[in-house]
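Working notes, structure below.
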Amino acid sequence: MPTSSSKTEYLDQLIEEASDRLFSLILQKQYHYQGIETKDKVQNHDQLIAEFSELRGQSFAFPFIPSGNGHGPFIEDISGQIKMDLTSGLGPNLIGYSHPLQIRSQLEAAEVNMTSQNNLFPSQSAAKLGQKLIEAAQGSKLKHFWFTGNGTMANEHALRLALLNTPSKNRVLIFDGSFTGRSLAMSELSQINKPSIDGHFKIDFISYDNPLDQLESLWLKYPNQFSVICFELIQGHAGVRHLPTEIIHDVVRWCKNKNILIWIDEVQTIGRTTELFAFQTFGIQSYVDIVTVGKALNISGILFNSQLRPKETFFGGTLCGGTANIIYAEKLLHYLTQGNFYGKSGRIASLEKKFFTKLKQIHDQLGSNIIDDIVCQGTLISFKIGDGSFEKTCQFLKVLFENGIIGFLGQKDHCKIRLLIPISLRDEHISQIFLIITKSLSSVFGD
């Protein structure tokens, strides 16, 4: 009679064989989606969009509901139309859709006894992922990682941790145009709401114009009252912008000299610049105290140094993340760090150069009154259309969508087209992208 362990081993073998077969079939199915396709909408498509919008209490930016099918940069909607998604699903799909890592992660997760991991008794895969993140933060003093349910909560934990470790200080520095999330506290930092949490902390906003002069002025006004600076090294919501590297170094050195903690918000940037972390790209790894991550990893969390480790129970929250997400994040980190993605000759640097070159060619051909203010930082791309008005920018985004490309809006002083391109783009995709961009510009501004 077979033992319990031998029966388990037999079942494990059957599951592995079935999983390999299912993996192959899913990949074959999704690989079919290799190009933009425009079809007549199904009869009830607009009705479904309207009903879903009513359910959400807010309309959609685009009339598009994914079908669950797609591959690489391509995604299908329920009407059979296929678009090229240059937002990476607002960030999470760094490597595109239906990548083998994604499929394999979900199949492996199906064998696990829970769909979501928790912070009470997280799995071994969660421990492995945390360790890999710490190892990847080369050159820093980051030693600990805690999972949070989303990027906003990661930033909430970062703010709380900073204030906990500086009990006599309650002022927070942040640059204009930063976006840290949509909770009450994060909305204050993102200037979505007017500051109103005066009892907990005070916020001082800095502009990109002569930041050191502003910091000195604030210090004279509020000496020794600053707990932390929240630094989104590349601002996405503001239209993909960043300070020059030397100014970034000046700012973090000034803060360190004043014993102000350095919190780097990498919820959007991790994986997307020419090094895994943006703080490595700008060479400030030795300065960072707290780093928040999310989006491309498909999980979120906070890294921090040993000096900030709470002496008593401090962190909480139920969810680490979905089991498939944690398995995927571990595989993704291995894939990115072991592959040829980073460095001056890496894949991301190559994509950055190709997009800037192509956009600059359109600029030189059509003029700065049509396309201008081009920024390419890794896979974060932005450019201004016409006068940068909200109306003209949205008009272009609509035409771009109709022609087969999904982009989105970045806005600060003026609007910009904002892209988060997937690293699965091939040269033929890039050629098609710029043919469509040129065609869309002609539609909006005339030949």
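The values are calculated or read from the model by the stated rules, or taken from the named source; none is laboratory data. Since we're looking at a predicted model, the values are computed, not measured. Counting neighbours? That spans all protein chains shown, and the Cβs are built from the backbone with ideal geometry, glycine included. With ligands, DNA and RNA removed, areas are computed over all heavy atoms of the protein, side chains included. Shrake-Rupley method; radii C 1.70, N 1.55, O 1.52, S 1.80 Å.
Points to keep in mind about this one:
- Accessible area of region 23-70 belonging to carbon and sulfur atoms, whole % at 1.4 Å probe: 52 percent
- Packing around the peptides 361-369, 249-257, 96-104, taken as the average count of other Cβ atoms within 10 Å per residue, puts them in this order, highest first: 96-104, 249-257, 361-369.
- Per residue, the accessible area of region 135-274 comes to 41 Å², computed with a 1.4 Å probe over protein heavy atoms only.
- Proximal aspartates and glutamates to Lys143, defined as alpha-carbon separation beneath 14 angstrom and excluding residues fewer than eight positions away on the same chain: Glu135, Asp289
- Candidate cross-link partners of Lys132 among the aspartates and glutamates, defined by an alpha-carbon separation under 17 Å and a same-chain spacing of 8 or more, comprise Glu266, Glu275, Glu330.
- Entry note, the chain: relative contact order of 19 percent, from Cα contacts under 8 Å with a spacing of 6+ residues.
- Pairwise label distance in nanometres, Gln411 with Lys311, each label 7 Å out on the Cα-Cβ vector: 4.7 nm
- One decimal place: the segment Lys360-Ser442 gains 27.9 nm when fully extended, by the rule 0.36 nm per residue minus the C-alpha distance.
- Within the chain, the percentage of alpha carbon pairs spaced more than 41 angstrom apart rounds to 20%.
- Remark: the Glu17-Gln338 segment gains 112.8 nm on full extension, using 0.36 nm per residue and subtracting the alpha carbon distance.
- Placing +1 on the Cβ of every Lys and Arg and -1 on the Cβ of every Asp and Glu, with no other charges, gives region 9-121 a dipole of roughly 380 debye about its Cα centre.
- Full extension of the chain between Ser116 and Cys394 yields a length gain of 96.3 nm, computed as 0.36 nm times the residue separation minus the alpha carbon distance.
- Per-residue HN-Hα couplings for region 7-14 [Karplus 6.51, -1.76, 1.60; θ = phi - 60°; Hz; x = Gly/Pro]: 5, 4, 4, 5, 5, 4, 5, 5
- Helix-derived mean residue ellipticity, 222 nm - over the chain, DSSP H n ≥ 4, -39500 (n - 2.57), to 500: -13000 deg cm²/dmol
- Cα gyration tensor shape for region 66-106, rounded if a/c is under 1.5, else prolate or oblate: oblate
- Estimated FRET transfer efficiency when R0 is 25 angstrom, pair Asn369-Asn210 (beta carbons, to 0.05): 0.25
- Working from Cα pairs under 8 Å separated by at least six residues, relative contact order for region 238-310 is 26 percent.
- For the pair His144 and Lys221, label points projected 7 Å from Cα toward Cβ lie 3.4 nm apart.
- DSSP beta bridges in the chain [antiparallel fraction, %, rounded to 5]: 65 percent
- Over 20 Å between alpha carbons, listed pairs Lys416/Lys439; Lys7/Lys331; Lys358/Lys416; Lys354/Lys398: Lys7/Lys331; Lys354/Lys398
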